[in-house]
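Right, one structure below, let's go through it.
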Amino acid sequence: MTPQPMIEVRDLRKVFATHEGREITAVDGLGFAVARGEIYGLLGPNGAGKTTTLRMLAGLMRPTSGRIAVDGTAAIDTAAHLEDPLLLKQRIGFLTASTGLYARLTAREQLVYFGRLRGLDGAALQAEADRLIKLLGIGEFAGQRCEGLSTGQKQRVQIARTLVGDPPVLILDEPTTGLDVLSNQLILSFIAEAGRQGRTIILSTHHLDEVENICGRFGLMHKGRLLAEGTIADLREASGRQRLSDIFRELVGRVDAQAIPLYQAPAGSGNGGAP
């Protein structure tokens with residue numbers, strides 16, 4: 001029996017209306033699944049629809065249509081008129097480069113505040129803050145206001161905030177944007193270690209090559225749809241290229257030049273119904 005995926009997406013679609021009355025389709029029939037304990041790289045250039053997809057998975061944006069399930073339970077299913085974004089918010093820790101911190105709160109106060117939002121209090125809340133401060137190496141600046149922290153320090157606080165309450169799924173949207181080399185490597189090392197510890201992670205970035213050795217599988221997005229999916233070995237075989245960035249350029253070029261269909265999952269592959 002195929003194990004139940006931790007995250008399952010089917011026929012996900014998001015359409016935005018413009019001020020001129022036109023419609024823009026940002027996500028177009030997207031489907032994929034992420035196994036429990038897997039690091040899945042949802043990759044592509046700016047404008048591919050990655051952030052819109054992840055905001056829907058985190059319960060922050062309503063899909064136009066489609067289905068999103070977490071741990072076997074449907075949270076969004078437009079065909080069944082089911083909508084429970086709170087289920088997603090309770091099970092998922094969401095990090096995005098565009099999410100700010102409260103400038104006048106210290107790093108520790110940020111964690112305490114978000115811990116309370118997760119239902120923690122008293123000794124359990126303080127213990128959780130202590131755990132995350134140690135885990136992310138925040139101790140040196142835990143008492144400083146976030147307005148005075150460096151970009152790398154802020155990103156560590158952001159990741160700690162994402163981990164408050166130990167959510168089973170992490171969605172990391174461009175977690176290394178704007179970081180220097182040392183901070184960048186620290187964050188990537190943390191993500192890899194979190195995966196080894198069994199967390200389910202969806203990692204999105206347009207810096208393709210830096211995550212080649214972190215993710216078990218990749219979904220390459222292009223124009224709101226899944227262009228290709230598989231392990232790095234699968235994608236190398238399909239494209240004839242070695243580097244992930246070159247693989248993506250090769251596959252995009254084939255689709256755009258020949259108007260060939262985007263990726264279709266083999267029957268019985270269990271990938272969640274990719275388009």
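The calculated FRET efficiency for LEU135 paired with HIS206, based on their beta-carbon distance and R0 = 22 Å, is about 0.20. Taking label points 7 Å from Cα along the Cα-to-Cβ direction, ARG116 and ARG236 give a separation of 5.2 nm. Sequence-ordered 3J(HN,Hα) estimates for the stretch 222-239 from the Karplus curve with 6.51, -1.76 and 1.60 and θ = phi - 60° stand at 8, 6, x, 10, 7, 7, 7, 8, x, 6, 4, 5, 4, 5, 5, 5, 5, 9 Hz, glycine and proline given as x. Taking amide H atoms as placed 1.01 Å from N in the peptide plane, the amide H of ILE7 lies under 5 Å from those of VAL34, ASP71, each 5 or more residues away in sequence or on another chain. Cross-linked pairs LYS154/LYS223; LYS89/LYS154; LYS14/LYS154: Cα-Cα separations exceed 24 Å for LYS154/LYS223; LYS14/LYS154. Taken over the chain, the alpha-carbon convex hull comes to 151 cubic angstrom per residue. Per residue, the accessible area of the chain comes to 48 Å², computed with a 1.4 Å probe over protein heavy atoms only.
Phi angles across the stretch 136-151 convert, under the Karplus curve 6.51 cos²θ - 1.76 cosθ + 1.60 with θ = phi - 60°, into 3J(HN,Hα) values of 9, x, 9, x, 5, 10, 4, x, 8, 5, 5, 5, x, 7, 6, 4 Hz, Gly and Pro given as x. For the chain, the antiparallel share of DSSP beta bridges with both residues in that region comes to about 60%. Here r is the Cβ-Cβ distance between ARG243 and ASP71 and R0 is 30 Å; the resulting FRET efficiency, rounded to 0.05, is 0.30.
What does the charge add up to near LYS50, with Lys and Arg as +1, Asp and Glu as -1, over the other residues with Cβ less than 11 Å from its Cβ? Provide the component values of the computation, followed by the final result.
Values: positive: ARG55; negative: ASP173, GLU174.
Summing Lys and Arg as +1 and Asp and Glu as -1 gives -1.
Scan the chain and hand back the longest stretch that contains none of the GluC sites (Glu not before Pro) lying in DSSP loops with at most 16 other Cβ atoms within 10 Å. Here the longest run is 21-211. Look at the alpha carbon pairs under 8 Å that are at least 6 residues apart: their mean separation over the length of the stretch 1-76 gives a relative contact order of 41 percent. Listed values for the stretch 16-29 are Karplus-derived 3J(HN,Hα) couplings in whole Hz (6.51 cos²θ - 1.76 cosθ + 1.60, θ = phi - 60°), namely 10, 9, 8, 5, 7, x, 7, 10, 10, 8, 8, 10, 10, x, and x replaces Gly and Pro.
The values are calculated or read from the model by the stated rules, or taken from the named source; none is laboratory data. This one's a predicted model, so the numbers in the text were calculated from it and none came from an experiment. Neighbour counts are summed over all protein chains in view; Cβ atoms, including those assigned to glycine, are modelled from backbone coordinates with ideal geometry. We work out accessible area using only protein heavy atoms, side chains counted, and drop any ligands, DNA or RNA first. Shrake-Rupley method; radii C 1.70, N 1.55, O 1.52, S 1.80 Å.
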